[in-house]
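Enquirer: Pasting in a structure now, in structure tokens, and then I'll have a few things to ask.
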Amino acid sequence: MNNGAILEMSGICKAFPGVRALKDVDFDLMPGEVHALIGENGAGKSTLIKILTGVYTKDAGEIKVGGRRAEFNSPRDAEDVGISAIYQKPNLVLEFNGVENIFLGDEIRGRFGIPDWKKMAEKAHSLLQDLGIQISLYVPIHQLSPSERQIIAIAKALSQNASILIMDEVTAPLSSKEIDSLFALVRELKKKGCSIIYISHRLEEVKEIADRNTVLRNGKKVGTLEAKDLDVETLIRMMIGEEMEEKFFKEKVPLGKPILAVKGLSGGMVKNVSFEVRQGEILSFTGLIGAGKTELAQIVFGIDPKEKGQIYLDGREIEINSPRDASVHGIYLAPEDRMTQGLVLDMELKENVTLNDRDKVANRFGLINTRLEEAVAREFVTNLSIATPSIRQKVKFLSGGNQQKVVLSKGMFAESKIYIFDEPTTGIDIRAKKEFYVLMADLVKKDAGIIFISTEIPEVLALSDRILVMRKGEIHKEFTREEATMEKILLSSFGIKGEE
Amino acid sequence: MSTKTDDIGFTRGLGNRKRYLFFAALAVIYIAFSVFVKGFFSWTALGNILVEISIPSLVSLGLTFVIISGNWDLSFGSVAGIASMTTCYVTSITGNMFLGILSGLMVALLAGIVNGAFVSYFGLSDVIITIGTGSIYFGLSYLYSGGYHIHENLGDSFGFLYAGSVGPFPVPTILLGAICLGAYITFNRAKIGRAFYSTGLARTAAIFSGVNTEFCKMLAFVICGLLAGIGGILTASENKSAWVLIGQDYLLTDYAIVFLGWAIFDKPSVIGTLVGAFFLGTISTGFVMAGVPFYVRNLGTGALLLIAITIGAERQES
Amino acid sequence: MNKTHSGRSSSLPDLLKRYSGPILIGAVFVLFSVEAETFLTAFNMLQIVHHGSILGLFSLGFTVTVISGEIDLSFSNLGALIGVLVAIFFVKADFGVVVGLLTATLFGIGIGAFNGYIIAYRGCKSLITTIAMSSICWGVTFMLTGGGDEVRGMMPDAFAFIGQGYVGIVPCSVFIFTLCYLISFIIITRLPFGHHLYAIGFNSEVARASGINVRFLKFIAFVISGFLSSVAGLIITSRLGSGQPIVGAQFLLEGIAAAFFGVAISTQDKPSVLGTLQGVLLLSIIFNGVTLLGLPLYLKNIIQGGILVGALVSKEARTLVDVFYNLKMRIDKRHREAVGSRS
């Protein structure tokens, strides 16, 4: 029953332990169209894409490419049928130059099988000219800016004559001029019959470039809209859903004095950020991917260097040059990537919990009091309802939600005053998420302050006392909980100052 | 880009079985030697094993520190050499054994500090740097006597370090015991032990947790150098002389010891190193008693290391 | 941002770096010419090139593995084993020339393949694996020679030609060495194999995602190393006229130092055939000069070790001031590398 679609996905299901990522999702792509895939974080977009590129295998459902059934067991399978993907972080060898990267693995051979670099350089040049972009193709790409690297990655996908191109948040590091050029290229590709699946949080872009839009929510397809039917309100409604499931709201806690104050903080992409966090307060940072939220957190926590500005703790100015400094001052960061940054996977639960502040369970000789440590660990397991066979279990065997609870325990054990949570609920099922929200709310009842970083606007709305929207390394707008709505936040995220 | 994260592997069962396999193999080997080699099944032989592994265990413990913190040291053999030469040289010209030992230890300490500085603070490749520094230390050790053995004027009590006993315990065993205890406590009970392990297992997470990973790595190299130096001095004491080749054979043996322990216990550890040492010592003593030439012993050690790697490495794959 | 058509910039430090190989080689050459009387003789030059040919073959194989992101420490003992093996073939087993050479070389390739299999397909760490294999080779060598004696006897003339004969005015060993380098140069810099090998060494994940067969190429890298080491071993035996078990150790440090010298002088901080060649030249001259001057043997160890350490340090710090000043920034930089900055 091929209606001319170049790609048909029907009834796709995929589950991970504890999380059902995709439920019965349909998606199709017509030749020469740009079909946008939209949804909140965790809605299932990247899972769907990973199935399409052969990184994951689907549990159920059917995929047809060009009318013929296709099975993807590896990335090569997907490539062979002309599916190519570009991601936010380009898949490139930094030490090679542009030409070498574009043709990596698919070099144009001349006589005797020797790569014909001249021909490749010509082709690369023409590819870039189509993009209307000037980039030096002969320097190692670590000398290029991130946006230029992204363009090389796009050129690479194009050079492989992909008929189905997936663009996953590729515009995050690009300037508006570069985005315009990219879209011009996209339109060229459409004319040549290339079809594009476009994933982006940025609704303005989606509006501009997409022919159709499919919205996913919680692993299910909510609906597909033609471009002409697309407007922001409809989209937002589709993304967040009409039903207000048991809405979780953080209790109003009397706010105490400011614990952390930051003035004029700059470093890397972060520019001139100022804010303060008070006792009992949950301050949220939200915004699009690449807005600079994690970068800000890493400066406050001492991982990245601060170039300008001051940090004050309890009114006194402090210097934070390393995570150790931050910990000593009572600042704790639960990093975005909990598996490589937040936990030592091969160590036991109790060892991870006490890692930040081993002095607390050690006697004056520097030896750890095992009994004390185990008691501490057990207490956290009970209070936080961590599901684990024992406190000696290696944390790599715990589920995502429980791992996150261990990360939380680490910070609580160090009796931190300021908790910075960077996307703490990614990859966690609903039940665990709700448990986590409760735990966060409890924390602030005990006079701590929380900086909560998330791109999931619903949870931001539910938990925060105040919301700061970041954009391109700066704070764009501030909302109190009362005045914030999803629409206002989204608008602010892409730089549109609302009316009023 | 993440790859399949679908499953959380439950391979613990498999791990335990392999551990029993090793102990079974040890038992089989012990029995085989007892059957085929006269005199092996005796307290004397067992005592020989323990004596023979005392120095290698000691030095291997130092190496274990480096491996746990995620690095490699290929120079420790040469550190042992130059420490022993220093000790004997100073002893023979000053007539003061304690001064000699002190100098040797200081040289070993310095060597460890140099290694550690290059690797942890300069961030250079540990493998290449220690190959380089190892050769430099080796060459430098010739300076004392132009390569000749140093055995004059060491004093009668110099041999005591190795051959003497305090009560029923030989001095090296006491030293080994003390160091073992210290190492065990460090890794299993002391807070710095967690720092070492996390630096090696997950350096990024360790940094995020406020662990001073540079310091840990540096300390590991220093301890390794120091213990290697002690080992070298003991060897010199055993032979009542020092020569430049002391320590050159440490590399293979001690890596085999540490990796055997790693393969058996899923991670580098004090217990693992001791077990590995005993394993290797059993085979080595058995070979010696059977009159097997030294090169076959080396071959055996190499083969054992290879086996340990292939079996251990399978479990490292994630 | 520099928009140049070639990747080469012409600032002074980079120029110096690009020519630092020839500069250093020339400097050392001049130094020894002045200090040692017999340095500039034809005979002595021959010594240098003979040593260099053998060292060069060892170091080249090593370089190939380093390019792929691994390390092969077994090359010198492997070469020694093959050298002894071929001597046994000729002396004890009376093989013909061709059969003997082929068999011995096959053994070397086989051991290299074994290394490659364990490392590439079983995922074992190359450092410790090749250390183990190195000692196994050593043990076997000594076993075959009954404890380290040399294997003396009548060897076929054709075989002796390899190490002692001339092709025109060029010693055969140099001829072989040049051939190998030429072929390797072409393969590494011109053919996809070399290019992909570099990709694997730089970022094996991206290489895999681009469809490069990472495991197979790494495997081949070790086979190549095994092959080249075997050839080196054959030349040694041919030159000496007997199989010597202990020559292995001598070339290990030198071979590694030569390769990393090549890395240090490369403008892009990567291992290369040309870089290793320069390292081989430099080290051969130094080895020869030190011997000629009657300087003690251990000085070679110190110098070679020093070159190795110096090569690495030179990448990080140009001057001592740089060292101390930037220590903190370097720690920060490595923190951020470990943490993986998001930009």
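A short reminder: the numbers here are calculations on the coordinates, not readings from a lab. Just so it is clear, the structure is predicted and the values come from calculations on it, not from any experiment. Note: ideal-geometry Cβ built from the backbone for every residue, glycine included; neighbour counts use all protein chains shown.
Enquirer: Go through B:94-104, B:77-87 and give me the packing order, highest mean Cβ count within 10 Å leading.
Expert: Those peptides, ordered most packed to least, come out B:77-87, B:94-104.
Enquirer: Need one value for C:71-78: mean number of C-beta atoms belonging to other chains within 10 Å of its residues' C-beta atoms.
Expert: 1
Enquirer: With the dipole of region B:39-248 worked out from charges on the C-beta (+1 for Lys and Arg, -1 for Asp and Glu) around the Cα centre, which of B:Gly159, B:Tyr184, B:Leu63 lies farthest toward the positive end?
Expert: The Cα lying farthest towards the positive end belongs to B:Tyr184.
Enquirer: In whole Å, largest first, what are the principal axis extents of the Cα atoms in region B:118-235?
Expert: The Cα atoms of region B:118-235 stretch 54, 39, 14 Å along the principal axes, largest first.
Enquirer: Using helices alone, what [θ] at 222 nm do you get for the protein assembly as shown, with -39,500 (n - 2.57) per DSSP H run of 4 or more residues, divided over all residues and rounded to the nearest 500? Provide the component values of the computation, followed by the final result.
Expert: Working: 45 runs with 636 residues, N = 1161.
Taking each H run of at least 4 residues, the total per residue is -17500 deg cm²/dmol.
Enquirer: Okay, next question. Can you give me the Cα centroid spacing of region A:177-233 and region C:164-213 in angstrom?
Expert: Computed from Cα coordinates, the inter-centre distance equals 47 Å.
Enquirer: For region A:298-303, what does the Karplus curve 6.51 cos²θ - 1.76 cosθ + 1.60, with θ = phi - 60°, yield as ³J(HN,Hα) per residue in whole Hz, taken in order and with x for Gly and Pro?
Expert: 5, 6, 4, 8, x, 7
Enquirer: Antiparallel DSSP bridges in chain A: what percent, to the nearest 5?
Expert: DSSP beta bridges in chain A are roughly 55 percent antiparallel.
Enquirer: Same structure, new question: Taking amide hydrogens as modeled 1.01 Å from N in the peptide plane, which residues meet the under 5 Å criterion relative to A:Arg217, leaving out close sequence neighbours?
Expert: Distant-sequence amide H within range of A:Arg217: A:Val222.
Enquirer: I'd like the orientation of helix C:172-189 relative to chain C: the angle between its Cα long axis and the longest Cα principal axis, in ° from 0 to 90, rounded to 10.
Expert: 30
Enquirer: Out of residues 5 or more away from C:Ile71 or on other chains, whose amide H comes under 5 Å of its own, with H placed 1.01 Å from N in the peptide plane?
Expert: Correct list: C:Ser126, C:Leu127.
Enquirer: 5 Å is the cut-off here: which amide hydrogens, built 1.01 Å from N in the peptide plane, fall below it relative to A:Ile259, excluding neighbours closer than 5 in sequence?
Expert: Result for A:Ile259 returns A:Val277, A:Arg278, A:Gln279.
Enquirer: Report the charge-dipole magnitude of the protein assembly as shown in Debye, nearest 20, computed about the Cα centre from +1 at each Lys and Arg Cβ and -1 at each Asp and Glu Cβ.
Expert: Details: 106 positive and 104 negative charges, 129 e Å.
My answer is approximately 620 debye.
Enquirer: Just how large is the dipole of region A:7-240 about the Cα centre, in debye to the nearest 20, putting +1 at every Lys and Arg Cβ and -1 at every Asp and Glu Cβ?
Expert: On the way: 31 positive and 33 negative charges, 70 e Å.
In total the dipole reaches around 340 debye.
Enquirer: Can you tell me the 0 to 90 degree angle between the C-alpha axis of helix A:176-191 and the longest principal axis of chain A, rounded to 10?
Expert: 40
Enquirer: Which of A:Lys445, A:Lys472 comes first, and how do the rest follow, when ranked by fewest Cβ neighbours within 10 Å?
Expert: Arranged by neighbour count, lowest to highest, A:Lys445, A:Lys472 become A:Lys445, A:Lys472.
Enquirer: Another question about this same structure. Can you tally the net charge around A:Ser200? Count Lys and Arg as +1, Asp and Glu as -1, for every other residue whose Cβ sits under 11 Å from the Cβ of A:Ser200.
Expert: Value of the local net charge: -2.
Enquirer: In whole Hz, with x marking every Gly and Pro, tabulate ³J(HN,Hα) for region A:364-377 from phi via Karplus 6.51 cos²θ - 1.76 cosθ + 1.60, θ = phi - 60°.
Expert: For region A:364-377, the Karplus curve yields 6, 8, x, 8, 7, 7, 4, 4, 4, 4, 5, 4, 4, 4 Hz.
Enquirer: Ok, one more. When the C-alpha atoms of region B:209-318 are aligned to their principal axes, what extent does each axis show, in angstrom, from largest down?
Expert: So the three principal-axis extents are 52, 34, 20 Å.
Enquirer: In nm, to one decimal, how far is the modelled label at A:Arg364 from the one at A:Asn272, with both set 7 Å along Cα→Cβ?
Expert: So the two model labels end up 5.3 nm from each other.
Enquirer: Pick from B:Ile264, B:Ile207, B:Ile49: which residue has the top mean-square fluctuation in a GNM of chain B where Cα pairs under 10 Å get a spring?
Expert: Largest GNM mean-square fluctuation: B:Ile207.
Enquirer: When the Cα centres of region A:28-107 and region A:399-415 are compared, how far apart do they sit, in Å?
Expert: What the calculation gives is 34 Å, centre to centre.
Enquirer: In addition: Across every pair of different alpha-carbon atoms, what Kirkwood hydrodynamic radius in Å does region A:258-493 reach?
Expert: 18.1
Enquirer: Around B:Thr285, what is the net charge, scoring Lys/Arg as +1 and Asp/Glu as -1 over all other residues with Cβ under 12 Å from its Cβ?
Expert: Neighbourhood net charge equals 0.
Enquirer: For each of A:Arg68, A:Arg109, count neighbouring Cβ atoms within 10 Å of the residue's Cβ, then give the residues from fewest to most.
Expert: Ranked by crowding around the Cβ, least crowded first: A:Arg68, A:Arg109.
Enquirer: Taking the beta-carbon count within 10 Å as an exposure proxy, list A:Phe112, C:Phe219 from fewest neighbours to most.
Expert: The fewest-first ordering by Cβ neighbours comes to A:Phe112, C:Phe219.
Enquirer: To the nearest 20 debye, what charge dipole does region B:39-248 have about its Cα centre, counting +1 at the Cβ of each Lys and Arg and -1 at the Cβ of each Asp and Glu?
Expert: 560
Enquirer: Among DSSP beta bridges lying fully in the protein assembly as shown, give the percent that are antiparallel, nearest 5.
Expert: That works out to approximately 60 percent antiparallel.
Enquirer: Taking every residue in A:330-339, how many Cβ atoms of other protein chains lie within 10 Å of its Cβ, on average?
Expert: The mean count of partner-chain Cβ atoms within 10 Å per residue comes to 3.
Enquirer: Considering every Cα-Cα pair within the protein assembly as shown, what fraction, in whole percent, is farther apart than 50 Å?
Expert: Everything past 50 Å amounts to 33 percent.
Enquirer: Would you kindly calculate the mean projected area, averaged across all directions, of the convex hull enclosing the Cα atoms of chain C, in square nanometres? Let's see the in-between values first.
Expert: On the way: hull surface 81.5 nm².
For the Cα atoms of chain C, the hull's average projected area reads 20.4 nm².
Enquirer: Got a sec to turn the phi values of region C:282-294 into Karplus ³J(HN,Hα) couplings, 6.51 cos²θ - 1.76 cosθ + 1.60 with θ = phi - 60°, whole Hz, x for Gly and Pro?
Expert: Values, residue by residue: 4, 5, 5, 4, 5, 4, 5, x, 4, 5, 4, 6, x Hz.
Enquirer: Continuing with the same structure: Tell me, what is the Rg over Rh of chain B, with Rh the Kirkwood radius over Cα pairs?
Expert: Looking at chain B, the ratio lands at 0.99.
Enquirer: Oh, and also: Mind running the shape call on region A:7-240? Use the C-alpha gyration tensor, a ≥ b ≥ c as the square roots of the eigenvalues: rounded below 1.5 for a/c, prolate if a/b tops b/c, oblate otherwise.
Expert: Taking the square roots of the gyration eigenvalues as a ≥ b ≥ c, region A:7-240 is prolate.
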